[in-house]
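Single-structure report; data block below.
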Amino acid sequence: MVDFGAIVEVAVVLAIILAVAAPFGAYLGRVYTNRPAFGDRFLLPLEGRIYRLLGVSARESMGYREYASSLLFVSALTAVWMFLMMWFQASLFPQPAGFTPMSWDTIVHTTASFLTATDFTHLAPEVNMTVWGNLLALEVPMFLAPAAALSVAAAMARGFIRKDGTIGNFYVDMVRSLTRVLLPIALVGGAVLALLSVPDAFPPLLWAGPHAANPVFNGPVAGMQSIVYLGSNGGGWTSANVTSSLANPSIWTQTFGMGLFLLLPFSFPFAFASIVRRPGEAWPYLGTVLIVFVVGLALFLAFEGPPGLGLSGYRFGVVPDSSFQFASVYSNTGSNNLNIAFLAPVPQMALLFGMFTQNTPGSDGVGFGTLLIFALLAIFVGGLMVGRTPEYLGKRITPTTVKWTALVLLYHPVAVLVPTAAAYLGGFVPSTGLFTPVPFCSSGTCLNAHAFSSVLYEFTSESANNGSGMSSFNDVTLFFNLAGAGVILVGRFLPMIAMLKIGSEFARTTALPPGPGTLETRSLTFTLYLTLLLIVVSALLFLPVIALGPLSQVGG
């Protein structure tokens, strides 16, 4: 029986998020264009001191190369810090009971994963991390990674309103992302979660929970869980994450978490409209996101199997738990509250499609940047159809822009399919006997459809910087650690660099008055056109491999 009451509750949550998204997006636009914004009286002096400490001039604007170099430099420093913290944590910090050091390749994978807000875990934090190692090695990048993503998206958007080829200052954008957005909201979010009974103990205390035979140390869990949600991170204090009553004790904490991880992705279309000073530009993007999101969620709920398939069953009901899982994957947060391996094939395909697009709504900042790239492709194709030079917001779409757009669209299937084929053909995945066999064998090992889907899901999640996983096979191996780390890094930095390059190209292009061939983007027609192009392109790129995995299990 359909639980219409629960569906109404989910609809109300989405309505509240959308109501908050417009004013919050306008606030973000003011922050990233240095216009007067809430909190200036207190934050401007603080930010000024930080700039002086960093040796940065807030008035200096960077070009594409300098901005990208700064992004990679800060990311490299963060990666070194993380690796060293994890490598030496046993000698630096007190060890929890049963502490087990990680191998070097697992540390490499963990570094790449948390550096990029992917948080695809090949570790169990309660076993492989000390309490302070958890805080210093894993929680620090949970703030820096989304700050970098928001900065890149803002820099790309500024390219549409500039004429000198510059796109802003990376260090200024990072500082403002932290002081104006992530830190204050995470602090408030952590306080709310603590009031809702998520532990926030410091120093950490032994927590037995419902499984007293396997107690773990708690700590500032509410504070970490807040930035896990807000920053599209997805990792957690323990490997159980939100399936555990430690991090997610009630329906209220789950609902609040859902609101946190949808806030920034749904707000950024309005931030973009505020940056380019064209309020109507937000609606086509929001419309596309909502169409794909709502249809995908409807399919997920319609085809999901009977209760009891989650890691701990459906703790709060089929609709609330499924909606959380769906929204978590589509926002690229990737916090699992269900066992995806035991979902029906159609819901699995629905989750995979959200990671194929990466922009409905996608992660903080980068999700919207990817959607904007799809929009540029749509405008380019539309311009060719009417025989006019394609342009957007009064600026011509150059051949260089089209090349970088194509690169962003093509890297994702390559980053997913090549390592999937290597894992399969190289015999790195154990054979299992579940579901319908895939008619391919290599080195005497035959993989069935479920095992194939698990490998496909893993690399899709890593390439999309999502972090959710099916957990159907042992992936803590040298191959999956190193291959996964490579996929994660390419999936993170290649599209971000492309976004900066595209923004820089528009910043060098002279604005032109609209002509008779200008495509009207602020319209329902463009919204439907963009939605169809997004669906068709994503399906063409991935449909063959879907047929080998979850699609072959339908009706089986």
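The values are calculated or read from the model by the stated rules, or taken from the named source; none is laboratory data. All figures in this text were calculated on a predicted structure; none of them were measured in a lab. Cβ coordinates were reconstructed from backbone atoms using ideal geometry, including for glycine residues, and neighbour counts include every protein chain displayed.
Being at pLDDT 90 or above and under 27 Å from Thr110 (Cβ atoms) is the requirement here; does Val414 meet it? The answer is yes for Val414. Only helices (runs of 4 or more DSSP H) wholly contained in segment 76-190 count here; list those with 3 or more residues that are among the small types (Gly, Ala, Ser) and touching a Gly at 6+ places or on another chain (Cβ under 8 Å). Those helices (runs of 4 or more DSSP H) span 140-158. Return yes or no: is Gly369 crowded, with 22+ Cβ neighbours inside 10 Å and at pLDDT 95 or above? Yes; evaluated as a whole, the condition is true for this residue.
Answer with yes or no whether Val294 is within 24 Å of Leu230 (Cα to Cα), buried (at least 21 other Cβ atoms within 10 Å of the Cβ) and not assigned by TED's automatic domain parsing to the domain that holds Ala157. Taking the combined requirement at face value, the residue does not satisfy it.
Which residue pairs have Cβ atoms closer than 7 Å, lie 6 or more positions apart in sequence or on different chains, and pair a first residue in segment 389-416 that is in contact (Cβ under 8 Å) with a residue 12 or more places away in the chain with a second residue that is among the basic types (Lys, Arg) and buried (at least 18 other Cβ atoms within 10 Å of the Cβ)? Close Cβ pairs satisfying both conditions: Trp404/Lys501. Candidates in segment 139-157 are the residues that are of a type outside the set (A, V, I, L, M) and in contact with a Phe, Trp or Tyr (Cβ under 7 Å, 6 or more places away or on another chain); of these, the one that is surrounded by the most Cβ atoms within 10 Å (Cβ to Cβ) is Ser151. If we scan segment 299-320, do we find a residue that is β-branched (Val, Ile, Thr), modelled with pLDDT under 90 and over 21 Å from the mean Cα position of the chain (by Cα)? Yes, there is a match, as at least one residue in segment 299-320 is β-branched (Val, Ile, Thr), modelled with pLDDT under 90 and over 21 Å from the mean Cα position of the chain (by Cα). Determine if segment 323-339 includes at least one residue that is crowded, with 22+ Cβ neighbours inside 10 Å, modelled with pLDDT under 90, not in a loop (DSSP other than H, G, I, E, B) and not basic (Lys, Arg). Taking every residue of segment 323-339 in turn, none turns out to be crowded, with 22+ Cβ neighbours inside 10 Å, modelled with pLDDT under 90, not in a loop (DSSP other than H, G, I, E, B) and not basic (Lys, Arg).
Every residue, every condition in (1) surrounded by fewer than 18 Cβ atoms within 10 Å (Cβ to Cβ); (2) in contact with a Phe, Trp or Tyr (Cβ under 6 Å, 6 or more places away or on another chain); (3) part of a helix (DSSP H, G or I); (4) at pLDDT below 85, yes or no:
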| residue | (1), (2), (3), (4) |
| --- | --- |
| Leu512 | yes, no, no, yes |
| Leu519 | no, no, no, yes |
| Phe526 | no, no, yes, no |
| Thr531 | no, no, yes, no |
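Looking at segment 133-158 only, could you name the residues that are among the small types (Gly, Ala, Ser) and at pLDDT below 95? The answer is Gly133, Ala137. Within segment 100-120, residues that are in contact (Cβ under 8 Å) with a residue 12 or more places away in the chain have Cβ atoms under 7 Å from residues that are among the charged types (D, E, K, R) in these pairs: Ser113/Asp119; Thr116/Arg492; Thr118/Glu462; Phe120/Glu462, counting only partners at least 6 apart in sequence or on another chain. Scanning segment 60-73 for any residue that is over 28 Å from the mean Cα position of the chain (by Cα) and either assigned to a helix (DSSP H, G or I) or surrounded by fewer than 17 Cβ atoms within 10 Å (Cβ to Cβ) (or both) turns up at least one such residue.
Residue-level check: of (1) modelled with pLDDT under 95; (2) closer than 16 Å to Thr121 by Cα, Ser453 misses just (2). Determine if segment 466-475 includes at least one residue that is over 22 Å from the mean Cα position of the chain (by Cα) and more than 30 Å from Gly236 (Cα to Cα). Scanning segment 466-475 turns up no residue that is over 22 Å from the mean Cα position of the chain (by Cα) and more than 30 Å from Gly236 (Cα to Cα).
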